[in-house]
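S.K.: This is the structure I have questions about; it appears just below.
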Amino acid sequence: MTAAENTYQPRSTFVDVIAWLFIVMAGLAMLIGIAQNIMVWTLFPVFDEQVTASANAAAQQGSAWMLRFMPYFFLFMLIVFTMTFVAAINLYFRKNWARLLFIGLMVFAIVWQLGGILGMNFVMGAIDDATATTDNMTDSFHRVQQMMKFVSIAIALAFSGLFAWIAWKLNTPVIKAEFS
């Protein structure tokens, strides 16, 4: 037996399953992200011209912000999907840098989920303000809105918990030993 054979570390099912799940999910997300970027970078300039030509100043102002920054948002998301895909592949091959990157991506995903809750509350608050002066369906709209908030928060917290567990598990001594 050689020294390398004496130090064999068994591969955990956890790392294999997480790696394959994220290879598939990030791979699909990358394909969608590529399609979105093609669409956004080719169609948004056309929409921008139409909004600029619009006579409605309020619509022009709100749309201009979205049209200016949305392509960069989609590009950023494609970069995140690509990083996740690369990290997941290398996680499967037990590269320590990929484990560390993957932990960082899980922390980023938690921050993104919690930021999404804050953003949703900001948007829902603006909708509340806009509908406060109207009497048509305000009560039923408010109930639906509250249910949407509750479900969205529950999902965000559940995913945050899952991402935290994955990051924690990838940092345990038993899993870390696979990567050395």
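Just so you know, all these numbers are worked out from the coordinates, no wet-lab data involved. All values derive from a computational prediction rather than experimental measurement. For neighbour counting, all protein chains shown are included, and Cβ atoms are generated from backbone atoms with ideal geometry for every residue, glycine included.
S.K.: What does the charge count near E178 come to, summing +1 for each Lys or Arg and -1 for each Asp or Glu among other residues with Cβ under 9 Å from its Cβ?
M.R.: Neighbour charge sum, excluding E178 itself: +4.
S.K.: Further, regarding this structure: Using packing as a proxy for protection, rank 141-151, 33-43, 87-97 so that the peptide with the highest average count of other Cβ atoms within 10 Å comes first.
M.R.: Highest mean packing first, the order is 87-97, 33-43, 141-151.
S.K.: Which of the lysines could a cross-linker span from K95 if the Cα-Cα distance has to be under 30 Å and same-chain partners fewer than 8 positions apart are dropped?
M.R.: Excluding near neighbours in sequence, the set is K169, K176.
S.K.: Report the local net charge at I18: Lys and Arg +1, Asp and Glu -1, summed over other residues whose C-beta lies under 13 Å from its C-beta.
M.R.: Charge balance in the 13 Å sphere: +2.
S.K.: Just to verify a number: FRET efficiency for T82 and Q146, C-beta to C-beta distance, R0 = 25 Å, to 0.05?
M.R.: With R0 = 25 Å, the Cβ-Cβ based efficiency is 0.10.
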